[in-house]
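A.B. asks: What follows is a single structure, and I will ask about it in a moment.
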Amino acid sequence: MSHEPASDSGVSVTRRGPFAIWTLDRPDRMNALSRAVLRELGRLARAAVRDEGLRGVVLTGAGEKAFCAGADLKERQSMSLEEVREFLPLYRASFGAIDALPVPVVAAINGVAFGGGLELALACDLRVMSRSAQVGLTETSLAIIPGAGGTQRLPRIVGLARAKEMVLLAQRLDAPTALAYGLVNRVTGEGESALDCALALIAPLAHAAPIAIAAALAALDAAADMPLEQGLSHERACYERTLDSQDRLEALAAFAEKRKPVYRGF
Ligand code: COA
């Protein structure tokens, strides 16, 4: 396991086999999102696209208290109105780069995830949550609104009625409620860390066929945005990407030979 310590960017990077672990590493600020952190997340996501051995990413926070307490409110206090306006597109670019990754990204919500912290988790494909953590889009309590995709991604995941309740009332949800809403895929077991829970969840991806996983992600990600007929055409186009892969032939051969397939990613 290699470890790249947190630089000034506030994100540390670890490798666990075919999985990358990106840790928001500013525990003294509850792992809040500074400009440097956002830029680094975007840089990591764009670089990960070229990493052929990568099969998944886990995004988590340092320490036990926070996954991410949202925008760095101390940094924000020192910013002019113009600077804040210029800063907001950085969320879209960096969270968008995470959203667009061709490998699954799982948020291991190890502690509180509020505001931009939850919005970051919403840009991931899967979410697991520590049983003692809390999550919420609490921005309206700070006289602003979710500005990093929360008003758009949250209703796609939990439905409009629940999203309205959460945002308008600035609710902080506990783990059982988040699980019941379908906001998180798993809650940690007794004594289990969010990171271990996330790694256990995505462990099967180590042996999965990467072209199929990327195609499935591309097809699923469009589901909420397209009318059915257009979506079915998009699914067909995504399917096409798998057809001339060697891995598809390997799957058929392995089935015939009653053995496990060995996928190689081409
Ligand atoms: N930005 C910058 N620093 C933050 C922060 C943020 N979003 N959230 C917490 N911190 C800092 C605190 O200022 C404090 O620093 P200090 O010791 O120098 O005063 C430190 O992290 C610990 O926070 P504290 O509030 O003392 O811990 P807590 O356990 O009592 O509460 C939270 C933790 C996250 C519940 C609370 O800090 C909070 O509500 N933060 C704001 C979260 C929020 O609304 N985010 C949405 C932003 S849009």
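The values are calculated or read from the model by the stated rules, or taken from the named source; none is laboratory data. Computed from a predicted model, the values in this text were never measured in an experiment. Methodologically, a virtual Cβ is constructed for each residue, glycine included, from the backbone with ideal geometry; neighbour enumeration extends over all protein chains shown.
A.B. asks: Being out of contact with any Leu (no Cβ under 6 Å at 6 or more places or on another chain), surrounded by fewer than 21 Cβ atoms within 10 Å (Cβ to Cβ) and not in a helix (DSSP H, G or I) is the filter here; which residues of region 173-185 pass it? So that I can check it myself, show each step before the final result.
C.D. replies: Taking region 173-185 first, the residues out of contact with any Leu (no Cβ under 6 Å at 6 or more places or on another chain) are 173-184.
With the extra rule that they be surrounded by fewer than 21 Cβ atoms within 10 Å (Cβ to Cβ), the set shrinks to 174, 176-177, 179-182.
Those that are out of contact with any Leu (no Cβ under 6 Å at 6 or more places or on another chain), surrounded by fewer than 21 Cβ atoms within 10 Å (Cβ to Cβ) and not in a helix (DSSP H, G or I): 174, 181, 182.
A.B. asks: Going by the structure shown, is residue 33 within 16 Å of the ligand (Cβ to nearest atom), in contact (Cβ under 8 Å) with a residue 60 or more places away in the chain and of a type in the set (A, V, I, L, M)?
C.D. replies: When the stated conditions are applied, residue 33 passes them.
A.B. asks: How many residues are over 24 Å from residue 157 (Cα atoms) and hydrophobic (A, V, I, L, M, F, W, C) if we restrict to region 204-236?
C.D. replies: Total meeting the criteria: 4.
A.B. asks: Here is a follow-up. Evaluate region 56-65: report whether one residue or more is within 25 Å of residue 141 (Cα to Cα), modelled with pLDDT under 95 and not β-branched (Val, Ile, Thr).
C.D. replies: yes
A.B. asks: Does region 53-111 hold any residues that are closer than 15 Å to residue 38 by Cβ and in contact with a strand residue (DSSP E or B) (Cβ under 7 Å, 6 or more places away or on another chain), and which are they?
C.D. replies: 59, 61, 68, 69, 70, 71, 72, 98
A.B. asks: Could you pull out the residue among 56, 115 that is crowded, with 23+ Cβ neighbours inside 10 Å and within 13 Å of the ligand (Cβ to nearest atom)?
C.D. replies: 115
A.B. asks: Let me ask you something else. Just need a number here: residues in region 186-238 that are touching a residue at least 24 places away in the same chain (Cβ under 8 Å), in contact with a helix residue (DSSP H, G or I) (Cβ under 7 Å, 6 or more places away or on another chain) and either surrounded by 16 or more Cβ atoms within 10 Å (Cβ to Cβ) or in a helix (DSSP H, G or I) (or both).
C.D. replies: The qualifying residues number 10.
A.B. asks: Another question, if that's okay. With 72, 25 as the choices, which residue is more than 30 Å from residue 265 (Cα to Cα) and more than 13 Å from the ligand (Cβ to nearest atom)? Can you show your working first?
C.D. replies: On the way: 72 fails: more than 13 Å from the ligand (Cβ to nearest atom).
Result of the check over 72, 25: 25.
A.B. asks: Continuing with this model, one more query. Kindly list the number of the only condition in (1) surrounded by fewer than 22 Cβ atoms within 10 Å (Cβ to Cβ); (2) in contact (Cβ under 8 Å) with a residue 24 or more places away in the chain; (3) within 16 Å of the ligand (Cβ to nearest atom) that fails for residue 85.
C.D. replies: That leaves (2) as the condition not met.
A.B. asks: One residue is enough: does region 129-141 have a residue meeting the conditions in a strand (DSSP E or B), assigned by TED's automatic domain parsing to the domain that holds residue 38, away from the ligand (no atom under 13 Å from the Cβ) and under 22 Å from residue 26 (Cα atoms)?
C.D. replies: Just the residues of region 129-141 that are in a strand (DSSP E or B), to begin with: 129, 134-136.
Adding the requirement that they be assigned by TED's automatic domain parsing to the domain that holds residue 38 leaves 129, 134-136.
Remaining after also requiring away from the ligand (no atom under 13 Å from the Cβ): 129.
Restricting the remaining residues to those that are under 22 Å from residue 26 (Cα atoms) gives 129.
Yes: one or more hits.
A.B. asks: Do you know which of the residues in region 91-112 that are under 14 Å from the mean Cα position of the chain (by Cα) and assigned to a loop (DSSP other than H, G, I, E, B) is nearest to the ligand (Cβ to nearest atom)?
C.D. replies: 110
A.B. asks: Looking only at region 142-174, count how many residues are among the small types (Gly, Ala, Ser), away from the ligand (no atom under 12 Å from the Cβ) and more than 17 Å from the chain's Cα centre (by Cα).
C.D. replies: Counting residues in region 142-174 that are among the small types (Gly, Ala, Ser), away from the ligand (no atom under 12 Å from the Cβ) and more than 17 Å from the chain's Cα centre (by Cα) gives 3.
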